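The values are calculated or read from the model by the stated rules, or taken from the named source; none is laboratory data. Because the structure is a prediction, the values reported are computed rather than measured. Positions of Cβ are backbone-derived with ideal geometry, glycine not excepted, and every protein chain shown enters the neighbour counts. Accessible surface areas use protein heavy atoms only, side chains included; no ligands, DNA or RNA. Shrake-Rupley method; radii C 1.70, N 1.55, O 1.52, S 1.80 Å.
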Amino acid sequence: MVVYVVILGNSHFMKQVLRNIYYFFPVQLFILHFRKFQVLLIFWYVLGSTINSGFMKSFGADALFFSPEYLGDVNALSAAIVGIALGVFFMSWNITTFILHSKRCRFLATTTKPFLKYCINNALLPLLFLVFYFYKLARFDSQKELMSTGETALLISGITGGIILIVAISFAYFFGAERRIQRTIAPIMDSAQHFNANFYSAHNEPEMPGLKISGYLANGFSIKKPRNVSHYNQTFLDTVFKRHHLSGILGIALSFIFLIVVGFFMDSPFFEAPAAASILIFFASMMAVIGALSYFLQSWSLPVFILFMLFIDVLYKNEIIDNRNKAYGLNYSNTKERPGYNKTALQSLCTPEKIAADKNNMLQVLTNWKNKQAEEKPVMIFINVSGGGLRSGTFVMNTLQKLDSAVGGRLMPHTMMITGASGGMLAATYYRELYLRKQKDSLINLYSTAYSDDIAEDLLNPLFSSMVSRDIFSPAQKFTVGNFKYVKDRGYAFEQKLNRNSGNILDKQLKDYSHAERSAAAPLMIFNSTINRDGRRMMISTQPISFMMKPLISANDTEASPDAVDFAAMFARQEPLNIRLLTAMRMNASFPYVLPNVWLPTKPVIDVMDAGLRDNYGQDNTLRFIENFRDWLKANTSNIIILQIRDRSQDNWQEPFETGAVTDFLIKPGTMLQHNWYKLQNYAGTDQFSYLQHGFDSALQRILFMYVPETDEKGAALNFHLTAREKKGIRESFNSAYNQASLQKIKMLLK
């Protein structure tokens, strides 16, 4: 009997303990966030997924948080800035949820420093996030950034210090606000007659919807039971809370001011905050906006938001606001002379007469190229480089340097044309500029590893910083190219950072290369982009190339629609060769979402994006060029080499498309195309090459250099940021057996 009583007593005790834990204020707040205003949890989900290398992993978003860069370095200072931003995010979370949930925590109004107590009890989610963040950061930086334990600890210390600093400043501000509130309310409390008449209820107030609390963490982290507040008038409780709400709103306003100030001064590297910091402060601001809408509009928040978006849409359609990115240097002001974009207009750009004239011009370029060769029938090289962000850019630069060095500097003189997509073209354009400069300055060492390091430098940080600070909060700043003004946005930030990374030698206009390309002092370059309206190629070149707009078989067919557009011919009245070289490179490398599409002044308006959507390897241009000058090439060259430098293996067994969930069956057709797009291009490109090679026999060869990581897990991501391990692996990839065999083929042909 005694044993039974003991067991029963223990059971009752355990139930009471579990009950107290469940109704503990921190636990109840944690549960409340999932029950109410779940939209605020989206920010935590996005951050958590990013930290877990899920959300936007292919764009390198996780690296922004694990190795934050400031003034070109990753150190304790850059980490501290991210820590400060993380502290702002935490405080925004506390302020917003305090405003939304304070009516459910009425007992706090009768305590000293109610907001401080709320923050202490609301710390569970931020603490869980911090533990997860530091764990993932330590693994990432040691394994991928190759940092020592001390360097990793320094970053964690910097982030922690930043959080502590902003939390300390925030609480100092709120303590000051608390004292002001107490000074205001003290006279009310001291006047018993006034308080009883206005705020005291002789009878218990009706129970308001709220949390059932068994205890809460007080100052010093002691556990206290909440006071009964049923005898307080609701008006008094609201008065206390609303004064704290006002202080919180003023604090959040500082986040908006910070983003606006940073946006206006981002041209200075000093104000180019780590992208992770800008993202966190943006999230903090958006959380506050959503909280304000929910608090003031209640159930009307969604309808009001929809009406606001419809209003913005009207302004956008009527060009009252215009956030579209433009081709810097192009004339958008002559609205009456904008070219039409239709079948008739495109056909007029590639009539048989214009094709013949442009081919004669190119024949002169070919003759100039041949006159610079030592042999009667030299080897002609076409360099095709693939897209793939900085992964491709670093591999292309490293390959061009080592290949050119191995053949005694004969690679570029033998090269007639360079074309391709995205990151590969960034490196190829940089290398061509260095080659041009070396012709005037023999001290330039084309094979210096410094140039490979330059092209591998981060481009992602200014993109995300500008996306938040400029595109959203400060979209009114402008800059000038020639006689025209353009809005500074993340496209501008990308160009400026690319220019700085490459030693400020690419800040030129296309017209600056016209003579060098015509005289064959430098290889011809064609910068492609893809027209979103119909998938046609937009080709940017200093030389007229109407013969590239249609397949050779359709050249004399005036009814055949072209599948490509000569940029300079279409925009002849918009000063096309005045566009910046950096802009042409960016149009060629416009990652979806990361970089803005570039809109062009046609009727109707068109916009363009990454060249890789249509041809990720640059081979289409090369094959069409060879097809057009087949007879001349047979008569004047001994061999034609298509040198393809690509960031992926040609083997189609890598990265198979797999389905693992029932939802995959709903989205499989679309995701299959996206996942296998480069493989589909591979198949088509190999077919096209085999058809053309038949007419040249062995004189036309395609030699590949491929970046193939040691293992799939060690492969570099397709983005504009590379980790230290990825940079090392990309450079070492040139030494693979396949690439060394390709090198020997090139050396044999150019000996």
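Within region 501-542, the set of residues being within 25 Å of LEU463 (Cβ to Cβ) and acidic (Asp, Glu) comprises just one member, ASP507. Evaluate the following for ILE553: is it hydrophobic (A, V, I, L, M, F, W, C) and under 26 Å from ALA493 (Cβ atoms)? Answer is no for this residue. No other residue among PHE98, PHE132 is open to solvent by 10 Å² or more (accessible area, probe 1.4 Å), in contact (Cβ under 8 Å) with a residue 60 or more places away in the chain and more than 22 Å from the chain's Cα centre (by Cα) apart from PHE132. Looking only at residues in region 52-61 that are farther than 11 Å from ALA275 by Cα and either modelled with pLDDT under 85 or basic (Lys, Arg) (or both), the one that is least open to solvent (accessible area, probe 1.4 Å) is GLY60.
Taken together, GLU495, GLU433 contain a single residue that is within 18 Å of the chain's Cα centre (by Cα) and either within 23 Å of LYS57 (Cα to Cα) or not hydrophobic (A, V, I, L, M, F, W, C) (or both), which is GLU495.
Examine region 550-562 for a residue that is among the acidic types (Asp, Glu), surrounded by fewer than 24 Cβ atoms within 10 Å (Cβ to Cβ) and over 19 Å from LEU426 (Cα atoms), and state whether such a residue exists. Within region 550-562 (the criterion being among the acidic types (Asp, Glu), surrounded by fewer than 24 Cβ atoms within 10 Å (Cβ to Cβ) and over 19 Å from LEU426 (Cα atoms)), the answer is yes, since at least one residue qualifies. Filtering region 568-591 to residues that are under 19 Å from PRO339 (Cα atoms), of a type in the set (D, E, K, R) and not in a helix (DSSP H, G or I) leaves only GLU575. With respect to the conditions (1) within 21 Å of LYS136 (Cβ to Cβ); (2) part of a helix (DSSP H, G or I), PRO68 falls short on a single one, namely (2). For region 592-614, the set of residues classified as outside any helix (DSSP H, G or I), open to solvent by less than 10 Å² (accessible area, probe 1.4 Å) and at pLDDT below 90 consists of VAL594, LEU595, listed by residue number.
Pairs only if they're at least six apart or on different chains, beta carbon under 8 angstrom, first in region 357-374 and open to solvent by less than 50 Å² (accessible area, probe 1.4 Å), second in a loop (DSSP other than H, G, I, E, B) and aliphatic (A, V, I, L, M); list them, first residue then second. Partner pairs satisfying both residue conditions: ASP358/ILE545; MET362/ILE545; VAL365/ALA520; ASN368/ALA520; TRP369/ALA520.
Residue-level check: of (1) farther than 16 Å from PHE629 by Cβ; (2) in a strand (DSSP E or B), ILE505 misses just (2).
I need the full set of residues from region 140-168 which are among the hydrophobic types (A, V, I, L, M, F, W, C) and not in a helix (DSSP H, G or I), in order please. Matches in region 140-168: LEU146, MET147. The set of residues from region 425-454 being part of a helix (DSSP H, G or I) and open to solvent by 10 Å² or more (accessible area, probe 1.4 Å) comprises TYR435, LEU436, ARG437, LYS438, THR449, ALA450, TYR451, ASP453, ASP454.
Figure legend. Inter-residue proximity from region 529-557: first residues free of Cβ contacts under 8 Å to residues at least 12 places away in the same chain, second residues hydrophobic (A, V, I, L, M, F, W, C) and open to solvent by 10 Å² or more (accessible area, probe 1.4 Å), beta-carbon distance below 7 Å, spacing 6+ or different chains. Indicated pairs: SER554/ALA560.
Every listed requirement among (1) under 21 Å from PRO601 (Cβ atoms); (2) modelled with pLDDT under 95; (3) buried (at least 21 other Cβ atoms within 10 Å of the Cβ) is met by MET539 save one, (2). Within region 78-103, the set of residues being in contact with a Gly (Cβ under 7 Å, 6 or more places away or on another chain) and either of a type in the set (Ser, Thr, Tyr) or over 24 Å from PRO114 (Cα atoms) (or both) comprises ALA79, ALA80, ILE81, VAL82, GLY83, THR96.
Limited to region 548-567, what total is found for residues that are among the charged types (D, E, K, R) and in a strand (DSSP E or B)?
Filtering region 548-567 for residues among the charged types (D, E, K, R) gives 550, 557, 559, 563, 566.
From the residues that got through so far, the ones that are in a strand (DSSP E or B) too are 566.
The number of residues fulfilling the criteria is 1.
Looking across region 18-35, just one residue is of a type in the set (Ser, Thr, Tyr) and assigned to a helix (DSSP H, G or I), and that is TYR22. Please work out which one of (1) open to solvent by 20 Å² or more (accessible area, probe 1.4 Å); (2) within 29 Å of GLN373 (Cα to Cα) is the condition PHE547 fails and give its number. In the conditions (1) open to solvent by 20 Å² or more (accessible area, probe 1.4 Å); (2) within 29 Å of GLN373 (Cα to Cα), PHE547 misses (1) alone. Condition test on THR419, is it part of a strand (DSSP E or B), open to solvent by less than 10 Å² (accessible area, probe 1.4 Å), among the hydroxyl-bearing types (Ser, Thr, Tyr) and touching a residue at least 12 places away in the same chain (Cβ under 8 Å)? Answer is yes for this residue.
Please go through region 267-287 and give me each residue that is modelled with pLDDT of 80 or more and closer than 14 Å to VAL82 by Cα, ordered by number. Answer for region 267-287, where residues must be modelled with pLDDT of 80 or more and closer than 14 Å to VAL82 by Cα: PRO274, ALA275, ALA276, ALA277, SER278, ILE279, LEU280, ILE281, PHE282, PHE283, ALA284. In region 617-641, the qualifying residues are those that are part of a helix (DSSP H, G or I), open to solvent by 10 Å² or more (accessible area, probe 1.4 Å) and of a type in the set (S, T, N, Q), and the one that is farthest from SER422 (Cα to Cα) is ASN636. Pairs are defined by a Cβ separation below 6 Å, a sequence spacing of at least 6 or placement on different chains, a first member in region 514-527 that is of a type in the set (Val, Ile, Thr), and a second member that is buried (at least 20 other Cβ atoms within 10 Å of the Cβ); the pairs so defined are ILE526/THR419; ILE526/MET539; ILE526/SER541; ILE526/ASN621.
Restricting attention to region 103-139, the residues that are part of a helix (DSSP H, G or I), at pLDDT 70 or above and among the polar types (S, T, N, Q) total 1. Residue pairs whose Cβ atoms lie under 8 Å apart, sitting 6 or more positions apart in sequence or on different chains, and linking a residue in region 400-416 that is open to solvent by 20 Å² or more (accessible area, probe 1.4 Å) to a partner that is in a helix (DSSP H, G or I) and of a type in the set (Val, Ile, Thr), are ALA406/ILE746.
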